[in-house]
Amino acid sequence: MKRYLLNIMKGQDTSFIALVIMYLLVPWSMLYRLGVFFHRIYFRLKGTYHAPKPVISIGNLTVGGSGKTPLVVWLARKLQDKGFKSIILIRGYMPKKSKHSDEVDMLNEQIPFIPVLAGSDRIKSIKEVEGNLPVDVYICDDAFQHWPLYRDLNIVTIDAANPFGNGYLLPAGILREGKSALKRADVFILTKTQGGSNTDNLVSLLKKINPRALIMESRYKSACCVELFDGVVFDENFLKEKRIAGFCAIGDPVSFQSSLKNSGAELLKTFVYMDHHLYRKKDIEVMVAFCRAQGITVMVTTHKDAVKLRKFKDFFSGIQLTYIPIQLEVTKGADEFFEKIISICTR
């Protein structure tokens, strides 16, 4: 049911029933808009906290996967290469009955020498490490709507394949705020442009809304496939002509499914769960039973899902469980972007 509603919110289901459900939710979206307005007014009156070092916010206008986490990793690595010490501030969503955040665990694997602080109160996290960890800049994940904290640079990621869903605010649509909120952004990064998305109309719209903001373009790339339990790294042709099954619990499963289809493999089925799903024994048994019945010996998931699956090693006997590490590649606007970044970090 949740996935069905999300498809409506994203504008991916436009059937008659879907439209009826959407319009029934529109009044609640109007109330949500009102709540957002008063929430922002409250923090305008209360004031914001200025961190002792610059804060770079990476956020979005929508719920669901727009590519924030790969951008956080990309930026942190680039800053490290340029000699800047960064600390990542992340909410670290944790499902019920779990003491771990899949996003935090994945970040710790991808950038092990860069501190990642999890918690909904970013100001508290900053104060706790002040004077204890060396830092030149804070990278604040999912902070475009985090009003208590002042940001020196607002970066907004936008999914080029589905930028605004059906155009409505929550709960009828996927928008957290109206499009006019994009006037606050300093940088737009269009993600997932590798799918053949025509970005011209989107770029024109963004320039109309916010002519001063830098507009960058990016895409995902992956040159390998990694076996989860023994860490063996296979090249990009490993999946070619293999019968496989995929599964994921991410904000945008469509992009994952597309990458599997484009790998040259014979994709028999993709099991899709809600974002941040906490896998249970039953989930694994159902997927493995399907694979055994179909003679599938390779299963593929995402890195974000893989960090939650090591405890199920015994269930995958005879099946190679692999994941595809995704990296962000900026294809337009990188030089001008780093001029802004360096200017902020050296203030």
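Nothing in this text is a laboratory measurement; each read-out follows from the coordinates by a stated rule. Computed from a predicted structure; not experimentally measured. Neighbour counts run over all protein chains shown; Cβ positions are idealised from the backbone, glycine included.
Net charge near ALA245: determine it from the other residues with C-beta under 12 Å of the C-beta of ALA245, scoring Lys and Arg +1 and Asp and Glu -1. Numbers along the way, then the final one.
Details: positive: LYS242, ARG243, LYS269, ARG292; negative: GLU266.
Taking every other residue near ALA245 into account, the sum is +3.
Quick check: residue separation of GLU227 and LYS78 times 0.36 nm, minus the Cα distance between them. What number comes out in nm?
51.0 nm
Compute the distance in nm between two label points, each set 7 Å from the Cα along the Cα-to-Cβ direction, one at LEU5 and one at LYS208.
3.2
Around LEU107, with a cut-off of 13 angstrom between Cβ atoms, what is the net charge of the other residues, counting Lys and Arg +1 and Asp and Glu -1?
With Lys, Arg at +1 and Asp, Glu at -1, the net is -2.
For the pair VAL20 and ASP235, how long in nm is the line joining their label points, each one 7 Å along Cα→Cβ?
5.5
With the crude spin-label approximation of a point 7 Å out along Cα→Cβ, what separation in nm comes out for GLU109 versus LEU45?
4.7
Based on the Kirkwood radius over alpha-carbon pairs, what is the Stokes-Einstein translational diffusion coefficient of the chain at 37 °C with 0.692 mPa s viscosity, in µm²/s?
Rounded to a whole number, D works out at 153 µm²/s.
Looking at the chain only, what percent of DSSP beta bridges run antiparallel? Nearest 5 please.
20
Just from the alpha-carbon atoms, what are the Rg and Dmax of region 201-242 in angstroms?
19.2, 50
Can you give me the convex hull volume of the Cα atoms of region 155-314, divided per residue and expressed in Å³?
Measuring per residue, one finds 139 Å³ for the Cα hull of region 155-314.
Filter the cross-link list LYS281/LYS311; LYS78/LYS208; LYS82/LYS183; LYS82/LYS124; LYS68/LYS127 down to pairs whose alpha-carbon distance in this structure exceeds 20 Å. List each step's numbers first, then the result.
Values: LYS281/LYS311 10 Å; LYS78/LYS208 30 Å; LYS82/LYS183 30 Å; LYS82/LYS124 28 Å; LYS68/LYS127 24 Å.
Violating the 20 Å limit, Cα to Cα: LYS78/LYS208; LYS82/LYS183; LYS82/LYS124; LYS68/LYS127.
GLU130 to GLU339: extension gain in nm, 0.36 nm per residue of separation minus the Cα-Cα distance?
Answer, rounded to one decimal: 72.6 nm.
Once the Cα gyration tensor of region 224-325 is diagonalised, what are the square roots of 5 times its eigenvalues, in whole Å and ordered largest first, as equivalent ellipsoid semi-axes?
18, 16, 14
Sort 282-292, 66-76, 241-251 for me by packing, meaning the mean count of neighbouring Cβ atoms within 10 Å per residue, highest on top.
So the peptides 282-292, 66-76, 241-251, ranked by packing, come out 66-76, 241-251, 282-292.
Could you give the alpha-carbon Rg of region 72-154 over 2.2 N^0.38 Å, rounded to two decimals? Write down the numbers at each step before the final one.
Numbers: Rg = 12.7 Å, N = 83, 2.2 N^0.38 = 11.8 Å.
Cα-based Rg divided by the globular estimate yields 1.07.
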